[in-house]
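The values are calculated or read from the model by the stated rules, or taken from the named source; none is laboratory data. In this text the structure is predicted, and so the values were computed from the model without any measurement. Heads up, the Cβs are rebuilt from the backbone with ideal geometry, glycines too, and the neighbour counts pull from every protein chain shown.
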Amino acid sequence: MSQLSQSMLESLVRPIASAHNLDLEEVEIRKTGNRQVVRVILDKLGGISLDEVAAITKLVSDKLDEIVDITSPFTLEVSSPGVDRPLTQLRHWQRNLNRLVKVERSDGKSVLGRIVNVIDSQVLLDVKGKQIELPLNQVVRAVIQVEFNR
């Protein structure tokens with residue numbers, strides 16, 4: 001038994017996520033007061049359901065109990081990425097087709113458009129009825145925008 005590290009957590013969760021056709025987006029271990037928060041972020045095309053979150057939480061919790069000696073109390077959080085999470089991987093763009101995105105470009109300009117398509121390393125955006133191609137290597141930050149009425 002050993003103390004839990006970020007790399008250990010990732011190697012523990014990755015096969016569980018993979019077996020359930022989920023992408024492991026992030027793992028984090030954070031100290032909050034005298035407790036630890038063990039956070040696992042998972043996703044897939046179409047999003048992850050609450051039932052999947054519950055099932056994975058149980059599997060990860062059981063695995064943690066088997067192999068790790070966590071000396072301080074901890075909370076395990078398993079969830080999907082929030083809507084405000086930046087698009088950092090090609091798959092993030094592909095999962096958000098037809099959604100509105102705010103993009104900060106490397107030239108310092110911002111653009112607000114709807115993701116129409118993602119081809120190789122470029123995204124096609126609809127900006128006020130005009131389609132523009134944006135190479136992903138020119139994107140500094142991109143965040144999906146919440147729309148209440150489309």
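What the table shows:
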item: Subset of region 1-16 that is without any contact (Cβ under 8 Å) to a residue 60 or more places away in the chain and out of contact with any helix residue (DSSP H, G or I) (no Cβ under 7 Å at 6 or more places or on another chain) - its residue that is surrounded by the most Cβ atoms within 10 Å (Cβ to Cβ); result: L9
item: Answer residue from region 66-80, given it is aliphatic (A, V, I, L, M) and either in a helix (DSSP H, G or I) or modelled with pLDDT of 90 or more (or both) and is farthest from V103 (Cα to Cα) among those; result: I67
item: Matching residues in region 34-60 - criterion: being assigned to a helix (DSSP H, G or I) and either among the small types (G, A, S) or at pLDDT below 90 (or both); result: A54, A55
item: Evaluation of E25 against (1) within 14 Å of the chain's Cα centre (by Cα); (2) part of a helix (DSSP H, G or I) (one fails), failing number; result: (2)
item: Breaking point among (1) under 20 Å from P86 (Cβ atoms); (2) in a helix (DSSP H, G or I); (3) basic (K, R), for K63; result: (1)
item: Pairs with Cβ under 6 Å, 6+ apart, first in region 89-118 and at positive phi, second of a type in the set (K, R) and surrounded by fewer than 15 Cβ atoms within 10 Å (Cβ to Cβ); result: none
